[in-house]
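Here the structure is laid out as structure tokens; the discussion comes afterwards.
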Amino acid sequence: MIRINEHFTKLKASYLFADIAKRVNAYVAANPDKPIIRLGIGDVTEPLPPVAIAALHAATDEMAHRTTFKGYGPEQGYAFLREAIAQHDFQALGAKIEADEIFVSDGSKCDVANIQEIFAADTRLAIPDPVYPVYVDTNVMAGRTGANIDGRYEGITYLESTAANGYVPAPPANATDLIYLCFPNNPTGAVATREQLTAWVAYARKHNAVILYDAAYEAYVRTPGIPRSIYEIEGAREVAIEFRSYSKLAGFTGLRCAYTVVPKTLKARDAAGNEHTLHALWNRRHTTKFNGVSYPVQKAAAAVYTEAGKKQTRDLTDFYLGNAKLIREAVTKLGFTCIGGDNAPYIWVNTGRDSWEFFDLLLNQAQVVCTPGAGFGKCGEGHVRISAFNSRENVVAALARIAATLK
Ligand code: PLP
């Protein structure tokens, strides 16, 4: 009989959000008269910005006529979008990124999951704890780790993010090859300063390593001086790949559009010592396994860079940050310490007790769903993540229920 990829059997039995859904569904089934409010999963709730809707309609009309119809587009994305990205997201910050270094895709989840394919099987990994689970699980599937012992996979250097380091890990003492960083962070909401990112770039340059920089929440940075891109750091073009998404910037979670930046100056060696550009490898991988994002969706993404689009997406992210501020203030008032919420849509609350126990308390007593920190890694124990993605009405109601429960 055909055999399976046994690395899959090392994965933890179920995905965090499946565990949460199970408990929430059981509660709802037993208490149909008690409506719950979800501040758990990181999906957006507000509709698409009007510029995106208008662009989708116009592009759909183009598809209706032989003269303007579009079939397969370039796998890397249309030039109109790649040029807008290079100009507005990088060159405007003083970061030297060109349009042909950008690969448009249907989501950062796929990109951060797939990128590991271009690296050797024995690549040494450095992965934060707590973490967006995709970075770990995709490397487990690819066989880059040993077994999961006591909540940690053998063969990974875990970058612990705790209250002691302000939830921003410093480079480790040992050498590693592939480093996952995410700022503003999911789940903690922490951001890294220019000095902290400079230390990471210096570490990567010293060890000929590559940083995978997930900036899915870049649009939420408000504190002046906090870098929005790793390429704002001198020397990052030789050591970093960056991931960006329209999901949390413009509410595209259901529309799907993102991009990955692979600078042409980023090099790695094969076993014989020959140099290769990672841009060429990723281009080969992307064009072989991906056939491009739909034309209407790319037009909608490009609309985000118009003056009206910039204002509408700013208003959208300001709205969620307004929710985040209310959450921060409410949990602080209840006596908890927390981080995030000022440059990120997540608030990471130090609960001082078991995170699943706290989750159950909020579900059963307040009918509010949060995300237990332990689901994001060992260092997430004692914390929960509260998401600002919801209507103002729901956030205010949830906070009143939480206050009544925890007072
Ligand atoms: N990276 C991080 C850190 C995320 O939290 C998410 C989604 O929640 C993603 C990537 C996925 O984004 P996308 O919707 O573009 O697949």
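The values are calculated or read from the model by the stated rules, or taken from the named source; none is laboratory data. Values in this document were obtained by computation on a predicted structure and should not be read as measured data. Don't worry about glycine lacking a Cβ; one is built from the backbone with ideal geometry, like all the others, and counts go over all protein chains shown. Side chains are part of the model used for accessible areas, which takes the heavy atoms of the whole protein and leaves out ligands, DNA and RNA. Shrake-Rupley method; radii C 1.70, N 1.55, O 1.52, S 1.80 Å.
Per the listing Tyr27, Tyr78, Tyr72, the residue uniquely of a type in the set (Phe, Trp, Tyr) and not assigned by TED's automatic domain parsing to the domain that holds Glu218 is Tyr27.
Residue-by-condition table, conditions (1) in the same structural domain as Thr265 (by TED's automatic domain parsing); (2) closer than 24 Å to Leu266 by Cβ; (3) within 14 Å of the ligand (Cβ to nearest atom):
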{"site": "Thr162", "(1), (2), (3)": "yes, no, no"}
{"site": "Asn165", "(1), (2), (3)": "yes, no, no"}
{"site": "Leu178", "(1), (2), (3)": "yes, yes, no"}
{"site": "Pro187", "(1), (2), (3)": "yes, no, yes"}
{"site": "Arg194", "(1), (2), (3)": "yes, yes, no"}
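Can you name the residue in the stretch 219-238 that is touching an Asp or Glu at 6+ places or on another chain (Cβ under 8 Å) and part of a helix (DSSP H, G or I) and is also most open to solvent (accessible area, probe 1.4 Å) among such residues? Ranking the candidates gives Tyr231 first.
Residues in the stretch 197-218 that are small (Gly, Ala, Ser), outside any loop (DSSP other than H, G, I, E, B) and open to solvent by less than 50 Å² (accessible area, probe 1.4 Å): Ala199, Ala204.
Taking Ala18 as the residue in question, decide whether it is within 16 Å of the ligand (Cβ to nearest atom), over 26 Å from Ala250 (Cβ atoms) and part of a helix (DSSP H, G or I). Yes; evaluated as a whole, the condition is true for this residue.
Limited to the stretch 109-127, what total is found for residues that are outside any loop (DSSP other than H, G, I, E, B) and open to solvent by 10 Å² or more (accessible area, probe 1.4 Å)? Counting residues in the stretch 109-127 that are outside any loop (DSSP other than H, G, I, E, B) and open to solvent by 10 Å² or more (accessible area, probe 1.4 Å) gives 7. Selection within the stretch 128-178: residues that are touching an Asp or Glu at 6+ places or on another chain (Cβ under 7 Å) and among the small types (Gly, Ala, Ser). The member of this set that is most open to solvent (accessible area, probe 1.4 Å) is Ala147. Scanning the stretch 230-252 for residues that are in contact with a strand residue (DSSP E or B) (Cβ under 6 Å, 6 or more places away or on another chain) and among the hydroxyl-bearing types (Ser, Thr, Tyr) yields a count of 1. Scan the stretch 116-135 for residues that are closer than 23 Å to Asn208 by Cβ and within 14 Å of the chain's Cα centre (by Cα) and jot them down. Hits for the stretch 116-135 are Ile127, Pro128, Tyr135. Of the residues in the stretch 40-48, not one is surrounded by 18 or more Cβ atoms within 10 Å (Cβ to Cβ), within 16 Å of the ligand (Cβ to nearest atom), at pLDDT 95 or above and more than 21 Å from the chain's Cα centre (by Cα). Taking the stretch 351-407, which residues are under 23 Å from Asp137 (Cα atoms) and among the aromatic types (Phe, Trp, Tyr)? Correct list: Trp356, Phe376.
Scanning the stretch 115-128 for residues being within 14 Å of the ligand (Cβ to nearest atom) and under 22 Å from Gly375 (Cα atoms) gives a total of 2. Mind listing just one residue for me: the one in the stretch 239-267 that is away from the ligand (no atom under 16 Å from the Cβ) and open to solvent by less than 30 Å² (accessible area, probe 1.4 Å) and, of those, farthest from Thr123 (Cα to Cα)? Ranking the qualifying residues of the stretch 239-267, first place goes to Pro263. So which residues in the stretch 59-108 are in a helix (DSSP H, G or I) and buried (at least 19 other Cβ atoms within 10 Å of the Cβ), if there are any at all? Within the stretch 59-108, Ala59, Leu81, Arg82, Ala84, Ile85, Ala86, Asp89, Phe90, Glu101, Ser108 meet the criteria.
Of the strands (runs of 3 or more DSSP E) lying entirely inside the stretch 264-359, those containing at least 2 residues that are in the same structural domain as Ala215 (by TED's automatic domain parsing) are 267-269, 275-277. Within the stretch 149-183, the residues that satisfy the criterion of being of a type in the set (A, V, I, L, M) and over 19 Å from Thr193 (Cβ atoms) are Ile149, Ile156, Ala173, Ala175, Leu178.
Can Gln312 be described as open to solvent by 10 Å² or more (accessible area, probe 1.4 Å), of a type in the set (S, T, N, Q) and at positive phi? No. Would a scan of the stretch 142-158 turn up a residue that is closer than 30 Å to Glu275 by Cβ and either within 16 Å of the ligand (Cβ to nearest atom) or part of a helix (DSSP H, G or I) (or both)? Within the stretch 142-158, not a single residue is closer than 30 Å to Glu275 by Cβ and either within 16 Å of the ligand (Cβ to nearest atom) or part of a helix (DSSP H, G or I) (or both). Looking at Ala330, is it open to solvent by less than 10 Å² (accessible area, probe 1.4 Å) and over 17 Å from Tyr132 (Cβ atoms)? Here the answer is no, as Ala330 does not meet what is asked.
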